[in-house]
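In what follows, a structure is listed as structure tokens, so that the remarks can point back to it.
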Amino acid sequence: MDSLTDSDVREILHPFRDGGVISRLYATGAISETTFRTLGVLSSKLDDQGKHETAERIADVLRYVDEAGERPPVKGWTSKV
């Protein structure tokens with residue numbers, strides 16, 4: 001997949017809100033030091049469950065997070081949808 005937009009990230013993460021770092025990324029765009037690891041675990045679990053396409057979408061978000069780096073909440077994040 002090409003580079004994800006903020007809206008793409010929110011769409012992909014919507015079903016995986018966890019009350020933790022995934023929810024924070026979904027709701028605010030914030031990326032912490034544990035966001036990448038948490039998404040990696042989720043992608044691996046989905047792949048192990050045979051949900052390969054969904055795991056790949058989470059891997060796309062991983063690439064987005066890696067490129068964006070650690071950051072505080074993004075102003076106007078939810079209005080970007």
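The values are calculated or read from the model by the stated rules, or taken from the named source; none is laboratory data. Bear in mind the structure is a predicted one, so any value in this text is a computation, not a measurement. Neighbour counts are summed over all protein chains in view; Cβ atoms, including those assigned to glycine, are modelled from backbone coordinates with ideal geometry. Please note that ligands, DNA and RNA were not included when accessible areas were found on the heavy atoms of the full protein model with its side chains. Shrake-Rupley method; radii C 1.70, N 1.55, O 1.52, S 1.80 Å.
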(request) Hey, can you tell me all the residues within the range 1-37 that are within 17 Å of D60 (Cβ to Cβ) and open to solvent by 40 Å² or more (accessible area, probe 1.4 Å)? (result) M1, D2, S3, T5, D8, E11, H14, P15, F16, F36, R37
(message) Can you list residue pairs whose Cβ atoms sit under 8 Å apart, with the first residue in the range 31-56 being farther than 16 Å from I12 by Cα and the second being of a type in the set (D, E, K, R) and not in a helix (DSSP H, G or I)? Count only pairs 6 or more apart in sequence or on different chains.
(response) S32/E70; E33/E70
(request) Output the qualifying pairs, or none if there are none: Cβ atoms under 6 angstrom, residues six or more apart or on different chains, first residue in the range 62-81 and acidic (D, E) and part of a loop (DSSP other than H, G, I, E, B), second residue modelled with pLDDT of 90 or more and surrounded by 12 or more Cβ atoms within 10 Å (Cβ to Cβ). (result) E70/I31
